[in-house]
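Notes to accompany the following structure.
The values are calculated or read from the model by the stated rules, or taken from the named source; none is laboratory data. Small disclaimer: the values here were computed from a predicted structure and weren't measured. Positions of Cβ are backbone-derived with ideal geometry, glycine not excepted, and every protein chain shown enters the neighbour counts. What goes into the accessible areas is simple: the full protein's heavy atoms, side chains included, and nothing from ligands, DNA or RNA. Shrake-Rupley method; radii C 1.70, N 1.55, O 1.52, S 1.80 Å.
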Amino acid sequence: MTWYTQIDALLSDTFGVSLGNFGGELALCVTIVLIMLLRAFMGASRASRTVTLVLTMLGFLVAILLQHPFGIGCSSTECATSAATPLFTGLLMQDGLTRFLRPLLLVFGLLYTLWLARTKLLDADNASDYFVMILGAMVGMCLMVSANHMLMVFLGMEMASVPCYALAAFQRKNRLGAESALKYAVFGAAAAGTMLYGISVLCGILGSAELPVMGSRLAEIMVNGCSFLTAFVLATSVVLIAVGLAFKLSAVPFQFWVPDVFEGAAAEVACFLSIASKAAAIGMTLRILLGLLNVDPTLLPNFAPESIVLAMVPAKKFAAILIGLLSVVTCTYGNLAAYAQTNLKRLLGYSTIAHAGYMLMPLAAIAVTVDSNMETEAFTALGYYLVAYLFMNFVAFIVTAMIRDNTGSEAIEAATGLSRRSPGVAICFAIALFSLVGVPPLAGFAGKFLAFATVWKSGLVTLVVIGIVNSLISLFYYLRVVKVAVVDPEPEDMDAPEVSALDGSGLLCLALTIPVVLLGLYWNGLIQYLTTAAASTFR
């Protein structure tokens, strides 16, 4: 291939294929530039909070419209089942996983911006800074879920993480927030360095940084016979990479930053970290898992597909054991540690840790199985759980911020008497908390049922038993919050929170509670879409 042929192929790939599938990220980047120019030329007084909010919402809306399955000329089924498409010479991948998670992140970004329009966190001076960081982090998260190359895995993770460090310390006069942000940044730097070292070792021994090629090289090593030294180096590098992933997932033992950051940062920031960062980390973990273990037989024409599957069994078992162990320890620690909490945000932080453990269980099922039908079921369960988690956790954080704005406190006791003054908001809060437990017929129950069912079918019965026990444990600390907000009488020494269900935050809270109920009653629609999305995710 001549130099001119290579340039022509690169231009054809970039302008003919890649940019058309990268419109969402480009829309976010353009929005960032517009906000910064607005601030630079008009100043903080004229580049008001309202204008910045409108620009951000328009940016997210355009990005959503440019994404599949919402893109013009592409139905949801067509987009979900269309073949996986490498972008930018294989750095990114457009497949069912990307087409599901990227719009999910962008829809959350739009809803999140609508919520920020009604909270007291932002003013004309700091709104542009806040939204530039949110948009920048969202670009990084979109890259995380579509990364097909270890370089993009690391770049996406850092693009998402660095703005989050600054967001944690966004309230500059909050000493606790600054302290927790420093802890967050230090932990993040250590995790990123460890992960980068693991990536360099793994890419070095496999001779490539492109995930599909790495998977084929790993399969070739396993088929030809893996020595003890090679196996040790491979396992060590994977564990080092898992450190960075566990940090983003807030999985034990790399979860220490979560409760402190959630307590020190604003509820709005904690919400963003709890939902968007978690979804992106799950997508990136699944992307790496599939790249290394779900080998395309066409890349190894000299080996029979059956021999490749058989040779990869030890690697798949190792990944399943590692992920399963992380999931068990994480959900158990999160639920037990939540008992002693008196701060709503800190309690939701430990809840976030626990739910990270639940989400890891379907990933363990995907790692251990060699059945394509089981892979599809596990992917469907994981996707359903992520959608349910978005809505129910979002409602919980919205109510927490409403209580803070009304009472000036984020303690659990500040919610006392909420049902007397604001029955609609109290009902939404209770529904969200019961859904986080997994009480039927709510979305959280559907998500956990699907997750536990697919894990059971894959043979990981221990994980299911531990998951069910943890769900029962979590019932008690969630019920304590529901009791304070709904059952306990109004306090005599302080006013009960009075937050209207008819203002902006209240209406958004009501709107987000509706899917929490509907997704617990009607499963088929989302399951069918996720099933079709899996068709182009698993080779």
Per the rule of 0.36 nm per residue minus the C-alpha distance, extending LEU325 to VAL469 adds in nm 50.3 nm
At R0 = 25 Å the Cβ-Cβ FRET efficiency linking ASP371 and THR298, nearest 0.05, sits at 0.80
Identify, among TYR389, GLY215, TYR333, the residue whose Cα sits farthest towards the positive end of the charge dipole of the chain, taking +1 on the Cβ of Lys and Arg and -1 on the Cβ of Asp and Glu, with the dipole about the Cα centre. TYR333
For a label point 7 Å along the Cα-to-beta-carbon line of LEU310, residues of the stretch 204-236 with backbone N under 13 Å: 223-225
Whole-Hz Karplus ³J(HN,Hα) for the stretch 222-237, in order, using 6.51 cos²θ - 1.76 cosθ + 1.60 and θ = phi - 60°, x for Gly and Pro? 5, 5, 7, x, 9, 6, 4, 5, 5, 4, 5, 5, 4, 5, 5, 5
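Give me the 1.4 Å probe accessible area per residue for the chain, excluding ligands and nucleic acids, in Å².
38 Å²
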Would you grab the residues whose amide H sits under 5 Å from the one on THR85? Only those 5+ places off in sequence or on another chain, please, with H modelled 1.01 Å from N. GLN94, ASP95
Could you give the dipole magnitude of the chain about its Cα centre, charging the beta-carbon of Lys and Arg +1 and that of Asp and Glu -1, in debye to the nearest 20? 280 debye
Note the angle between two axes, namely the Cα long axis of helix 524-534 and the longest principal axis of the Cα atoms of the chain, as a number of degrees from 0 to 90, rounded to the nearest 10. 40 degrees
Radius of gyration, Dmax [the chain; alpha carbons; angstrom]: 23.0, 82
Rounded, prolate or oblate: which one fits the stretch 184-337, using the alpha carbon gyration tensor with axes a ≥ b ≥ c (rounded when a/c is under 1.5, else prolate when a/b beats b/c, else oblate)? prolate
Extension gain VAL54-LEU229, at 0.36 nm per residue separation less the Cα-Cα distance, in nm? 57.3 nm
Just to confirm the number: angle between the C-alpha axis of helix 443-457 and the first principal axis of the chain, 0 to 90 degrees, nearest 10? 30 degrees
For the stretch 74-183, just say rounded, prolate or oblate: build the C-alpha gyration tensor, square-root its eigenvalues into a ≥ b ≥ c, call rounded for a/c under 1.5, and beyond that prolate if a/b exceeds b/c, oblate if not. oblate
On the protein heavy atoms, probe 1.4 angstrom, tell me the percent of accessible surface of the chain carried by carbon and sulfur. 69 percent
Here the Cα Rg-to-2.2 N^0.38 Å ratio for the stretch 125-226 is 1.40
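Under the classification rounded if a/c is under 1.5, otherwise prolate if a/b is larger than b/c and oblate if not, where does the stretch 316-418 fall, given a ≥ b ≥ c as square roots of the Cα gyration tensor eigenvalues?
On the way: a/c = 5.15, a/b = 2.19, b/c = 2.35.
Verdict is oblate for the stretch 316-418.
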Gain upon complete extension [MET42, ASP8; 0.36 nm per residue less C-alpha separation]: 8.0 nm
So the label point goes 7 Å from the Cα of VAL517 along Cα→C-beta, right? Which residues of the stretch 439-462 then have their backbone N under 16 Å from it? 439-445
Counting only residues 5 or more apart in sequence or on a different chain, those whose built amide H sits under 5 Å from that of ALA411 are LEU344
If we restrict to alpha carbons, what Rg and Dmax does the stretch 394-488 come to, in Å? 15.6, 49
The chain, helix-only ellipticity at 222 nm - DSSP H runs n ≥ 4, -39,500 (n - 2.57), divided by all residues, nearest 500: -24500 deg cm²/dmol
Please work out the FRET efficiency for the pair ASN126 and LEU65, using the Cβ-Cβ distance as r and a Förster radius of 25 Å; give the result to the nearest 0.05. 0.30
